[in-house]
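Report on the following structure.
Rule-based calculations on the coordinates, nothing more; no lab input. Bear in mind the structure is a predicted one, so any value in this text is a computation, not a measurement. Neighbour counts run over all protein chains shown; Cβ positions are idealised from the backbone, glycine included.
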Amino acid sequence: MKQLIAGNWKMNGSLEFNQALLTALAQGLETAPRAEVALCIPAPYWAQFRVLCAQYPALKGVGLGAQDVSAHPGGGAYTGELAAAMLRDFDCRYAIVGHSERRQYHGETDDAVAQKARQALSCGVTPIVCVGETLADREDGRTFEVVKRQLAAVIHANGPCISEAVVAYEPVWAIGTGRTATAEQAQQVHAVLRAQLMAATARADRVRILYGGSMNAANAADLLAQPDVDGGLIGGASLKAADFLSIIGAARR
Ligand code: PGA
């Protein structure tokens with residue numbers, strides 16, 4: 001299975017910035033076999049992305065992703081929300097759900113995250129389900145317990161359909177801090193998540209488990225070489241074309 005390298009731009013970008021970044025990515029992306037690539041970019045720029053995809057063949061295979069999706073079905077009084085069906089209308093292949101910044105700043109619960117994954121799956125959008133422990137959790141020896149609880153909620157709401165999801169392990173203490181989990185720490189948690197998926201579906205081997213948290217050009221190869229690391233969810237380094245391209249280059253194709 002190809003690895004998946006997904007960029008999470010978060011609340012970054014502008015028409016001018018995106019034009020330069022996407023053009024540089026298009027020029028650097030191999031058209032030869034490469035890892036699967038996705039870009040989770042702010043919704044107002046989806047149309048710009050599509051225009052540039054039409055212009056640069058190298059961008060055509062890049063999957064578009066949203067950074068969140070509503071837990072409610074389409075059509076309803078939910079100001080500010082984006083329904084999974086709307087994502088589908090824009091050919092969004094992925095939607096990040098349960099990112100730690102949304103859990104922290106928007107009070108998203110495990111149940112809400114599970115419903116978001118459910119809505120995405122029901123519309124043919126692949127949820128990228130984020131799980132991860134805080135520094136306090138890790139220091140208390142609760143890492144496995146926390147990530148298993150977060151994933152269990154999503155499995156409970158989706159049953160064997162979980163085989164259609166992507167999971168991302170993102171230790172909260174490593175996000176945007178420059179402090180990365182070691183390859184061994186990542187592999188340990190990924191193996192626990194894989195075992196949990198195996199108990200839920202016979203197709204757990206096809207669920208990609210991404211690592212996220214200060215992945216960069218220097219540490220990507222080591223992290224991506226771990227047996228249960230199936231790709232990366234990249235924040236800061238996805239905003240720099242050279243760094244993002246070198247992470248893609250380090251991934252299995
Ligand atoms: P980072 O972010 O690569 O900047 O640590 C990763 C993420 O939050 O998805």
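Brief remarks on what is shown
- Over the chain, DSSP H runs of length four or greater, each weighted -39,500 (n - 2.57), average out per residue to a 222 nm ellipticity of -12000 deg cm²/dmol.
- Rounded to the nearest Hz, the phi-derived 3J(HN,Hα) couplings of region 55-69 under the Karplus curve 6.51 cos²θ - 1.76 cosθ + 1.60 (θ = phi - 60°) are 7, 10, x, 5, 8, 4, x, 6, x, 7, x, 9, 9, 5, 8, where x marks glycine and proline.
- The modelled label-to-label distance for the pair His72/Gln55, using points 7 Å beyond Cα in the direction of Cβ, is 3.7 nm.
- Averaging Cα coordinates gives a centre for region 222-253 and one for region 95-146; these two points are 21 Å apart.
- Arranged from fewest to most other beta-carbon atoms within 10 Å of their beta carbon, Met198, Met215 become Met198, Met215.
- Taken one residue at a time, the phi angles of region 165-182 give Karplus couplings (6.51, -1.76, 1.60, θ = phi - 60°) of 8, 10, 10, 10, 8, 10, x, 4, 5, 9, 7, x, 9, x, 9, 9, 5, 5 Hz. Gly and Pro are set to x.
- Nearby aspartates and glutamates by direct alpha-carbon distance to Lys10 (threshold 12 angstrom, same-chain neighbours under 8 apart not counted): Asp68, Glu101
- Treating r as the C-beta distance of Thr109 and Glu139 and R0 as 25 Å, the FRET efficiency rounds to 0.60.
- Fewest-first ranking of Ile96, Ile41, using other Cβ atoms within 10 Å as the exposure measure: Ile41, Ile96
- For the chain, the normalised intensity computed at q = 0.09, 0.10, 0.14, 0.15 Å⁻¹ comes to -0.35, -0.43, -0.89, -1.03 (log10 of I(q)/I(0), Debye sum over alpha carbons, equal scatterers, no solvent).
- Region 154-168-region 1-66 distance, computed between alpha-carbon centres (Å): 26
- Computed from the C-beta positions of Ala47 and Arg206, the FRET efficiency with R₀ = 30 Å rounds to 0.40.
- A straight chain from Glu81 to Ala221 at 0.36 nm per residue would run longer than the Cα-Cα distance by 46.7 nm.
- Ellipsoid equivalent to region 1-135 - semi-axes via the Cα gyration tensor, in Å: 26, 16, 15
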